[in-house]
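A short worksheet on the structure shown next.
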Amino acid sequence: MRLNRSVTAVAAVGVLLLATACGSSDSSDPASATGLNPPDLKAQSKLGKSEGQVNLIAWAGYVEDGSNDPKVDWVSDFEKQTGCKVNSKTAASSDEMVKLMKTGDYDAVSASGDASLRLIASGDAAPVNTGLVPNYKDVFSGLKKKDWNSVDGQMYGIPHGRGANLLMYNTEKVKPAPTSWSAVFEDASRHKGKVTAYDSPIYIADAALYLKSARPELKIKDPYALDQKQFDAAVSLLKKQNANVGEYWSDYLKEISAFKSGDSVVGTTWQVIANLTADEGAKVKAFVPDEGSTGWSDTWMLSAKAKHPNCAYRWMDWIISPKANAQVAEYFGEAPANAKACEETSVKNFCDTFHAKDEAYWKNIAFWNTPIEQCLDGRTDVKCVPYAKWVQAWTEIKG
């Protein structure tokens with residue numbers, strides 16, 4: 001399947017797009033340093049008049065107004081219908097989003113799971129009244145009231161889309177066909193120098209997910225809730241893997257090029273990258289291994305200091321409306337959040353390719369979350385390793 005954008009378009013947004021969850025963490029962030037104890041904020045009770053504008057922080061490709069590509073525009077109609085002029089800033093990392101939200105200059109942000117709990121715990125994100133977002137009713141149930149976008153049943157945002165981190169391999173070079181993440185961990189030496197891995201501290205969770213099955217004695221329940229022993233085991237595995245890694249990727253085109261040239265033959269990827277790599281002629285397959293996979297789900301979160309909350313609510317409803325959600329899902333390369341968006345995609349089998357409606361598929365995906373000392377798996381007898389320590393460890397892992 002050819003995505004509804006060219007490699008040239010990918011090049012224009014790839015570096016920023018792939019930076020999701022990549023930056024360093026601020027150890028002063030409440031959710032990163034301690035536990036999740038959000039302040040008692042109240043959700044907006046009713047929708048008021050439009051304020052005339054809305055200021056957004058977003059990943060590249062999420063707020064398109066035709067300036068990057070005249071054919072790609074879901075902002076102009078929103079502005080015409082609501083009277084809310086959209087001002088958007090593209091962020092290059094989750095940490096940048098967190099810092100920008102603290103300024104109070106922005107009304108909403110398209111936060112990934114490794115940023116959302118930090119925003120909630122610090123009081124920078126406000127609880128959301130989903131009753132003020134009519135299209136929320138059509139959001140897939142698998143995206144509602146999850147650990148990364150809610151607290152005690154209270155939603156702190158509106159789901160935007162989701163994707164899985166897959167295992168991709170060269171079908172001519174990697175035989176027999178792998179079925180497990182052991183291909184990039186325990187068996188990585190078989191392809192020394194040609195293994196690739198995602199360049200982010202959150203990748204530690206991929207190692208933890210593998211160890212959950214490979215070393216049951218560690219008793220890992222949640223790859224984002226690791227006590228010191230569990231964390232040390234994941235870090236140790238990644239340090240061993242490092243000797244076999246040819247490249248850590250954070251750039252769309254670099255991974256495509258590496259698989260095309262043969263410099264990489266096995267490693268973690270996204271569905272959109274696998275599609276483009278195959279389109280470029282590389283003999284590859286990508287899938288969810290036996291252990292399951294990690295993944296990402298982005299959420300539009302409302303600033304607790306929003307100066308234009310009514311326009312922000314209108315934006316959150318618009319971006320998950322069937323047509324707009326279909327447009328952004330195809331452009332970015334992800335499964336849409338709204339079930340009705342599948343009827344609006346320009347590529348007929350788009351939602352099948354991205355498993356949009358397959359909730360059984362998503363049950364095997366451990367979506368990115370923010371590691372905090374208050375163990376996310378419910379344990380109270382130990383402290384878990386917070387995200388700031390993940391960042392420090394990632395630097396050591398890569399040497």
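No lab work stands behind these numbers, since they all come straight from the coordinates. None of these values were measured; they are calculated from a predicted model. All Cβ positions, glycine included, derive from the backbone under ideal geometry; neighbour counts span all protein chains shown.
With contacts defined as alpha carbon pairs under 8 Å and 6 or more residues apart, what's the relative contact order of the chain in percent? So the answer I get is 28 percent. Residues whose amide H lies under 5 Å from that of Lys285, counting only those 5 or more places away or on a different chain, are Tyr169, Thr171; hydrogens are built 1.01 Å from N in the peptide plane.
Would you mind classifying the chain by shape? Square roots of the alpha carbon gyration tensor eigenvalues, ordered a ≥ b ≥ c; an a/c under 1.5 is rounded, otherwise it is prolate if a/b is larger than b/c and oblate if not. Here the chain falls in the oblate category.
Is there a pair in Lys221/Lys323; Lys173/Lys221; Lys71/Lys305; Lys145/Lys323; Lys89/Lys145; Lys85/Lys389 whose C-alpha atoms are over 30 Å apart, and which pairs would that be? Check vs 30 Å cut-off fails for Lys221/Lys323; Lys173/Lys221; Lys71/Lys305; Lys85/Lys389. Our summary gives region 288-394 a relative contact order of 25 percent, counting only alpha carbon pairs under 8 angstrom and 6 or more residues apart.
Listed by Cβ neighbour count within 10 Å, with the fewest neighbours leading, Lys80, Lys307 appear as Lys80, Lys307. Basic side chains Lys and Arg get +1 at the Cβ, acidic Asp and Glu get -1 at the Cβ, and with that the dipole of region 30-162 about its Cα centre reaches some 380 debye.
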